[in-house]
Structure formats: C-alpha cells, structure tokens
C-alpha cells in the first residue's frame, strides 16, 4: 500500500469538537493527495472522545462521520486508546478490497476537569488491581522505570537528555504545542516530581488535535513497506519482563520482516515517548540498541536531530503533544513529511529514505510499528 496524502492540525488546547479536528486534518490530507472525498472508498476512524462523559455525548461516531463528509462508504472504528492511530493505519493497510482509504483521528481530550480526564485515561488500565489502586500511567511507568534503572544502571540524567532533545525539536515544528517555546536542560531537571522518580518534563503533554492519512493501492512516492501489530497482557506487572514491552518487539519483528529491512536501515523514527523512559527502552525493543544500553544512544547524541538516527524530530508526544488516539497518525504525518523533505528547520539530513513509526497503547498493551519508504 502507498500513502497519497497526509494532514494534521496544530496540537493545542483549542475548544473545538473532536470531529472538527478530524475533519480539518482529513481536508488537508485530501488536498495533499489532490483528491475529493467522493474518491474515497472506505474510512477508518479512531477516537476516545465521546466516551465515559468526555466529549459531545455521541457514541454513533461512524454515522456522524458519514454525515460530516456526505458519504455512504463503509466506515470502521478502531478504538485502541493511545495506539488507536497506529491500529487504524494498520487496519487500513490490510483492507485490500478498497482502492483509497481515509484514515483519520480527532480528539478533544482537554475539555473537562482534570479528574474527569484522569478517570477516562485510567479506564485503559487493568480494572481489578491497577484502577482500584489508582495506578495512573505516570505511576505505572515510574515503577517500570525504577525496575529498569535497578537492572541496567540507567539514570534520571539520561531521561533529562531525552526530554531536552524532544523539546528542542518541537521548537521547530509549527504544529507542536511547544513551537517556539524553548525549555532548558536545567528547567527539565528541576521540574516538579509527578510520580517518583519521573518529573513533569518526563511526561507527555495532553492536548487536543487531529491527524489523517490516505492509504491507496495506487503507487505514489511513499510506500508502506512494513506494518506490524501485537498485543500483550493488560496487567502490566503480570508480564514476564516489566522492563521491556514484548508487544513492541513482536510488532517490530513483523514490520522488519515485511519490509525486508533491519533496524540499522532505519534513518528516522517517531518513537512513542508518552514518557521519556518509554522512549529510552524502546530503542532496545526496536533493535536500535542492545538490551540495557539504550542510554548510550542519547548520551552520544546518535538520536539527536543531527545524529545518525534522529528520533522524534517532531518533538514527539513529549513536546508536540499527545492527543491519545491521534498520536499514531501524527507519527505517520511526520515521517511522510520527513521522507518528502518538507520539514524545514527540523528536516533530517541527508534526506532519509526509510522511516519508522512506533505507537503504544496503554503501558505496552497494544503496539504498532509501521515502516515507510520514499520511492
């Protein structure tokens, strides 16, 4: 399958309906592809909005999208919390009966009291133990990171470097929340503790936004050469190894095999940095570093914008923002634009030919890895 067009809104706190973000991104993707909505044969949608008291109280979202675009094509909804965008994209790539497929996501996450949004996000955790104990994702990831540090000797200074890299990159991304808002390394290291030892700047930013991509059987300049999807047990601490996400490893293996490439062939990547710790050990799960040595990539600058393998040139979830279901498609947008050489001051050089998108749902419970190539 190939990518004809991509679109994305600016990530911010603007108070528009979730479907407005999705619609705006879809129109940009159609314009990028030089297509009309009448040329779309199917739509794959993902969003968490309108669920559990958050949003516009409208659960029949596929019919709403039909009404919005004045179309009667099949519309599939693929909710998968934070990995919704990646799962929607994976689904579209496996719908071989349709020529042109619009994949879209919209989220109005920041539209309510923090306790309401926290309740919604907590619903993605295991109910009997994690939810009842109030184990929000910062808490879960803090515990995972504590185990990782104990096992491999990584430090909080390593995470500060991850945060600093992504904050620097977002300064050059007009669609990122932290666009033209530089943050110093000292500010990062002195930011408030959220869930020890994770600090404020170790955590991704909740925002509103939308993203879209048009997947087609027609050959274009961007080919989807590998698409992997894997899941794991819901209870984070019920898994065999909590210091790594098995689903990332499995999804990556599938994607690399389909693409007929190895980790060393990837020239730019968008890695799911819901927390800086997740980005660091994902270097290992994706095969970019040996197990326990992910910190070497950030210490040496290999994953910086000017390094051998730039990671999160968009600013990542950390500084671009994380509108839950939208994130996976925002990654597709960034890598597509990077391969096309359209990213301005944050453009990876020399121009990359192969890029990877890594999208996680929950604390490693569902993961997609998609690999794109410039033709």
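The values are calculated or read from the model by the stated rules, or taken from the named source; none is laboratory data. All values reported here derive from a predicted model rather than from experimental measurement. Counting neighbours? That spans all protein chains shown, and the Cβs are built from the backbone with ideal geometry, glycine included.
Key figures
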read-out: Hits in region 153-173 - residues which are loosely packed, with under 15 Cβ neighbours inside 10 Å and either in a helix (DSSP H, G or I) or in contact with a helix residue (DSSP H, G or I) (Cβ under 8 Å, 6 or more places away or on another chain) (or both); value: 155, 157
read-out: Odd one out for residue 82 among (1) assigned to a loop (DSSP other than H, G, I, E, B); (2) at pLDDT below 95; value: (1)
read-out: Residue list for region 312-323, filter: within 8 Å of the chain's Cα centre (by Cα) and farther than 17 Å from residue 356 by Cα; value: 322
read-out: Single unsatisfied condition, residue 273 versus (1) in contact with a strand residue (DSSP E or B) (Cβ under 9 Å, 6 or more places away or on another chain); (2) without any contact (Cβ under 8 Å) to a residue 60 or more places away in the chain; (3) under 25 Å from residue 246 (Cβ atoms); (4) part of a loop (DSSP other than H, G, I, E, B); value: (2)
read-out: Residue that is surrounded by the most Cβ atoms within 10 Å (Cβ to Cβ) [pool: residues in region 174-186 that are over 22 Å from residue 110 (Cβ atoms) and in contact with a helix residue (DSSP H, G or I) (Cβ under 9 Å, 6 or more places away or on another chain)]; value: 185
read-out: Within region 22-44, tally of residues that are assigned to a strand (DSSP E or B) and over 15 Å from residue 332 (Cα atoms); value: 2
read-out: Qualifying residue in region 346-357 (condition: over 15 Å from residue 165 (Cα atoms) and modelled with pLDDT under 95); value: no
read-out: Qualifying residues in region 204-257 (those that are touching a helix residue (DSSP H, G or I) at 6+ places or on another chain (Cβ under 6 Å) and in a helix (DSSP H, G or I)) - the one farthest from residue 136 (Cα to Cα); value: 249
read-out: Helices (runs of 4 or more DSSP H) fully within region 290-366 counting 3 or more residues that are without any contact (Cβ under 8 Å) to a residue 40 or more places away in the chain and either touching a helix residue (DSSP H, G or I) at 6+ places or on another chain (Cβ under 8 Å) or more than 20 Å from residue 205 (Cβ to Cβ) (or both); value: 295-300
read-out: Pairs with Cβ under 7 Å, 6+ apart, first in region 4-27 and free of Cβ contacts under 8 Å to residues at least 40 places away in the same chain, second part of a strand (DSSP E or B) and crowded, with 24+ Cβ neighbours inside 10 Å; value: 27/7
read-out: Scope region 85-110; condition touching a strand residue (DSSP E or B) at 6+ places or on another chain (Cβ under 7 Å) and either at pLDDT below 95 or more than 30 Å from residue 217 (Cβ to Cβ) (or both); matching residues; value: 107, 108, 109, 110
read-out: Residue that is within 22 Å of residue 109 (Cβ to Cβ), surrounded by 23 or more Cβ atoms within 10 Å (Cβ to Cβ) and touching a strand residue (DSSP E or B) at 6+ places or on another chain (Cβ under 9 Å), where the choices are 213, 259; value: 213
